[in-house]
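The values are calculated or read from the model by the stated rules, or taken from the named source; none is laboratory data. Quick caveat: nothing in here was measured; it's all calculated off a predicted structure. Neighbour counts run over all protein chains shown; Cβ positions are idealised from the backbone, glycine included. Side chains are part of the model used for accessible areas, which takes the heavy atoms of the whole protein and leaves out ligands, DNA and RNA. Shrake-Rupley method; radii C 1.70, N 1.55, O 1.52, S 1.80 Å.
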Amino acid sequence: MLRYLIAVSGEMTAVEKVEEQLAGLRIARRCVPSEEPAYLLDIHGSRAAQPGSSRLVAVSCSDQSLRVYDGETLRSLRRYRGPAGGLGGVRFAHTRDSLVFSACSQGKVKCWDVRSDTQKPVQVFSGYPSNVFISFDVSCGDLIVCAGTEKGEKDAFLVFWDARGITDCASAAKEPLGVYSESHNDDITKICFHPVEPNLLVSGSTDGLVNVFDINKDNEDDALISTCNSDSSVSSLGWSGEDYKQVYCMTHDEGFCWWDMAQLDTEEPITLLHVLDVRESVCAENHDLHYLVGGLYHEKAKKLFLIGGTFTGDIHLVSCSTDGLSLVGTLCGGHSATVRSFCWSPTDESLLTGGEDAQLLLWKPGAVERSLTKKASLKISSSVQKRVRVHSTSLKSRKK
């Protein structure tokens, strides 16, 4: 079942064609339910698949496992058991599709080679004894790994490692290159390296701040390019716009902020859009928007979209402009509970989604579902708790 709202008069623009394509996504595959169902908290796909082979998909789950699937058939390939306390996301290497990374709450980032069936990682990046990692990312070109911590006794840290030199054989744990400790004063919930500039990094925190760094600089103070305030606890963030000069974030109370870093050295305002509560700004017929999952920048359309949904599993696709937010379409009939994660593939214009119903779904334009597995409504107990802290300040600041 699919409903979409698109007004087309005359010949469609490139953006309208993309919006129609997104709204026309249908289920192509549904993964075989696991014997041990769990929330699917984060999804990432490999980029450098070999010719003639499917890309790989990695999923971090609420049962502390990391699962790897065939990206086309959704067949399960590997499952790695994580430590107690949970995983802080999952990422494939940019240059080697066989390497997958995940951060854990025990102060380590681990890297596995999915070609091997061993549970032993090929590389471990060790933090400091008090570190509890809840977010991380790998720079383009796989030069640097960075992880964000929960706030310790006084500080929250961004910890950096040299990611080069990973081999097929397990080696000694890598020690950090250094840390940033002064730019956030609460849990660092999200980290995202720039898609093409390996020295640029954006981080978000429950302190409401979104910081942009140039890590090529000699010290943290010089590295901090910009500080923006989302007015609430940051839940997701990313880069968008031409040459990816824009930064956006979502908050745990469903707010949305969008800034243009290209205006930092001008007198123009950097804020493109600030919506305090997206749930009140986006209306869907008979289906309210209950939450946001994340953002998707479509390079062909040069357009930023948001992914949100309902507690019963419908997925809303929302278009962003400086004039506001508008609903593009609603994908129905897939999930039966809250959607927690997604991964967009620009190569074949497909969307992977995962949620609290333990389902992994592959959506493609105009597809016909080939799996015979029926949708199940699963009630899964999970220790995963969402932090929500609403901030009353409205400061918008930037450092030049």
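Just by accessible area at a 1.4 angstrom probe, what is the order of Thr353, Thr13 from largest to smallest?
Ranked from most to least accessible, the order is Thr13, Thr353.
List, in the order given, every pair from Lys151/Lys174; Lys190/Lys364; Lys151/Lys217; Lys110/Lys151; Lys110/Lys174; Lys17/Lys300 whose Cα-Cα distance in the structure shown is over 19 Å. Intermediate results must be reported in sequence, preceding the final value.
On the way: Lys151/Lys174 23 Å; Lys190/Lys364 28 Å; Lys151/Lys217 24 Å; Lys110/Lys151 21 Å; Lys110/Lys174 10 Å; Lys17/Lys300 10 Å.
Among Lys151/Lys174; Lys190/Lys364; Lys151/Lys217; Lys110/Lys151; Lys110/Lys174; Lys17/Lys300, the Cα-Cα distance tops 19 Å for Lys151/Lys174; Lys190/Lys364; Lys151/Lys217; Lys110/Lys151.
What is the packing order of peptides 267-275, 194-202, taking the mean over residues of other C-beta atoms within 10 Å and listing the highest first?
So the order, starting with the most tightly packed, is 194-202, 267-275.
Sorted by mean Cβ packing within 10 Å, highest first, what order do the peptides 138-144, 246-252 take?
Packing proxy ranking, top to bottom: 246-252, 138-144.
Report, in debye and to the nearest 20, how large the dipole of the range 222-343 comes out about its Cα centre when Lys and Arg carry +1 and Asp and Glu carry -1 on their Cβ.
520 debye
Trypsin sites (Lys or Arg not before Pro) within the range 84-173: which are DSSP loop residues with at most 16 other Cβ atoms inside 10 Å?
Taking the range 84-173 and a limit of 16 other Cβ atoms within 10 Å, the loop trypsin sites (Lys or Arg not before Pro) found are Arg96, Arg115, Lys154, Arg164.
Residue-wise, which Karplus ³J(HN,Hα) couplings in Hz belong to the range 195-202, taking 6.51 cos²θ - 1.76 cosθ + 1.60, θ = phi - 60°, and x for glycine or proline?
Along the range 195-202, the couplings run x, 10, 10, x, 8, 9, 9, 10 Hz.
Rounded to the nearest 5, what % of DSSP beta bridges with both residues in the range 67-205 are antiparallel?
The antiparallel fraction comes to roughly 95 percent.
Go through the range 230-319 and name the trypsin sites (Lys or Arg not before Pro) that are in a DSSP coil and have 14 or fewer other Cβ atoms within 10 Å of their Cβ.
For trypsin sites (Lys or Arg not before Pro) across the range 230-319 that sit outside H, G, I, E and B with at most 14 neighbouring Cβ atoms in 10 Å, the list reads Lys300, Lys302.
Scan around Leu289 for amide H atoms under 5 Å from its own, H built in the peptide plane at 1.01 Å from N, and keep only partners 5 or more places away or cross-chain.
Residues meeting the amide H criterion: Ala284.
How large is the translational diffusion coefficient of the range 115-230 in µm² per second when you combine the Kirkwood radius over alpha carbon pairs with Stokes-Einstein at 37 °C and 0.692 mPa s?
Reported coefficient: 223 µm²/s.
Please list the non-local residues whose amide H lies under 5 Å from the amide H of Arg340, H modeled 1.01 Å from N, same-chain partners needing a gap of 5 or more.
So Arg340 has HN proximity to Gly354, Gly355, Glu356.
For the range 27-295, just run the numbers: alpha carbon Rg, then divide by 2.2 N^0.38 Å, N being how many residues it has.
1.02
With a 1.4 Å probe and all protein chains kept in place, how do Arg67, Arg29 rank by accessible area, largest first?
On the way: Arg67 15, Arg29 55 Å².
Ranking Arg67, Arg29 by accessible area, largest first, yields Arg29, Arg67.
In what sequence, highest mean first, do 359-367, 320-328 appear when ranked by Cβ atoms within 10 angstrom?
359-367, 320-328
Amide H of Ser235 versus every other amide H placed in the peptide plane: which residues, excluding those fewer than 5 positions away on the same chain, fall under 5 Å?
Here Met250, Thr251, His252 satisfy the definition.
Could you do me a favour and compute the accessible area per residue for the range 27-295, 1.4 Å probe, result in Å²? If you can, show how the numbers build up before the last one.
On the way: 10990 Å² over 269 residues.
On a per-residue basis, the range 27-295 sits at 41 Å².
Taking a probe of 1.4 angstrom, what is the accessible area of Glu242 in Å², to the nearest 10?
140 Å²
Would you mind working out the magnitude of the charge dipole of the range 27-295 relative to its Cα centre, with +1 at each Lys and Arg C-beta and -1 at each Asp and Glu C-beta, to the nearest 20 Debye?
Once rounded to the nearest 20, the dipole reads 1700 debye.
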